[in-house]
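The values are calculated or read from the model by the stated rules, or taken from the named source; none is laboratory data. What you see is a predicted model; the values in this text were computed from it and never measured. In this analysis, Cβ positions are derived from the backbone assuming ideal geometry, glycine residues included, and neighbour counts consider all displayed protein chains.
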Amino acid sequence: MDANDENSEITNLEAACHDFVFHMTDWIRDLEKLASLYDQPAETTREQAKDAITSLLYHASAHIDEAARLYDYLPEPFKKD
């Protein structure tokens with residue numbers, strides 16, 4: 001391996017780390033909305049509840065899947081043996 005290959009690997013690793021952190025943090029607001037729904041369900045409107053659940057199901061799950069791919073771990077949780 002020459003110096004250029006090593007620099008390229010470091011750059012790729014830095015980019016992957018950056019992307020991983022992004023995908024693990026971009027959906028924090030979605031988690032906060034869901035936590036608020038669970039913490040104070042009586043004070044949450046139906047629209048707020050729908051938004052919290054939809055955000056987590058569609059936005060957060062996509063980020064979590066991508067973070068798992070970057071981490072090189074993508075299990076099949078519903079796979080039947």
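Here are a few things to note about the model shown:
Conditions tested, residue by residue: (1) closer than 19 Å to residue 55 by Cα; (2) modelled with pLDDT under 90; (3) of a type in the set (A, V, I, L, M, F, W, C).
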| site | (1), (2), (3) |
| --- | --- |
| 2 | no, yes, no |
| 8 | no, yes, no |
| 12 | no, yes, no |
| 16 | no, yes, yes |
| 19 | no, no, no |
| 24 | yes, no, yes |
| 29 | yes, no, no |
| 32 | yes, no, no |
| 36 | yes, no, no |
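Quick grid of which residues meet (1) of a type outside the set (Asp, Glu); (2) without any contact (Cβ under 8 Å) to a residue 60 or more places away in the chain; (3) surrounded by 13 or more Cβ atoms within 10 Å (Cβ to Cβ):
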| residue | (1), (2), (3) |
| --- | --- |
| 33 | yes, yes, yes |
| 39 | no, yes, no |
| 65 | no, yes, no |
| 68 | yes, yes, yes |
| 71 | yes, yes, no |
| 79 | yes, yes, no |
